[in-house]
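Trainee: What follows is a single structure, and I will ask about it in a moment.
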Amino acid sequence: MHTTTSEGFHCGMCSKREPTLRLELPYCPWCTAPQDTQQGAPYRGVNLFLHVSSGKKFFPLRCAPEDFEIEDIAHALSNICRYGGHGAFYSVAEHAVLVSLMVPFEHALWGLLHDAAEAYVGDMVRPLKSNIPIFGRIEDRVFGQLAKRFGLKGEQPEEVTWADNLILRPEVMRVFNGAFDPVTEGWVLSSGVPSPEDEVKVRLLSPCEAKMLFLARFEELTANPKRPHYAPPTARPSKDE
């Protein structure tokens, strides 16, 4: 069990203490132990949900692998604008497709889905995300369930992380029309790696175009029976079972 008091967060299961964390959560972000509410009342936040494009209810704090659908992910990511909505419209879906094209085929599905949790928790800009660790932990937990759904195993490949960082420069130069260079601004360390502007074509697709491209790329990566990335959903047991 864990508790959240004026002195911060303390988990009685894994002994994790976080004095700066005062948000009440239904589970420990480190070991997922349930909250000790003293009165035994369930934490209401675990039952909060959002409606997704397919019409389903999605519970971010108690999601399961079968809750994720690729059509919902494609729809949401194609409508989420990167860089906080500043500059030209550039969707997370288009970004994901480009990352998937920059990595070896065996990591391409990872590249396509590396930001897929944002379809359910939103896209927080980097300066804030790095200073709000609890958001990252919730996002990681959602992604963990999503990864099970689509057969992503282990940690994110280094090649995907590399591509995700390397693509920043051509993206920013295109989205902000060359107004500034993220390398000179300190966003990206070039480390002698050549800029991929000639290879990476940021097209600034509309949401509809980005959604179609995302789904087409997903089908391309999962159609090969020799690479069984995609696990079909399993039905939830009914209350009568």
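The values are calculated or read from the model by the stated rules, or taken from the named source; none is laboratory data. It should be emphasised that the depicted structure is a prediction, and the values quoted were computed from it without experimental measurement. Note that we place each Cβ from the backbone using ideal geometry, even for glycine, and neighbour counts take in every protein chain shown.
Trainee: Just give me the residues in the stretch 101-120 being outside any helix (DSSP H, G or I) and over 11 Å from the mean Cα position of the chain (by Cα), in sequence order.
Mentor: Listed by number, the residues that qualify are Val103, Pro104.
Trainee: Please return the ranges of helices (runs of 4 or more DSSP H) entirely within the stretch 142-241 where 3 or more residues are surrounded by fewer than 16 Cβ atoms within 10 Å (Cβ to Cβ) and modelled with pLDDT under 90.
Mentor: Result: empty, no element qualifies.
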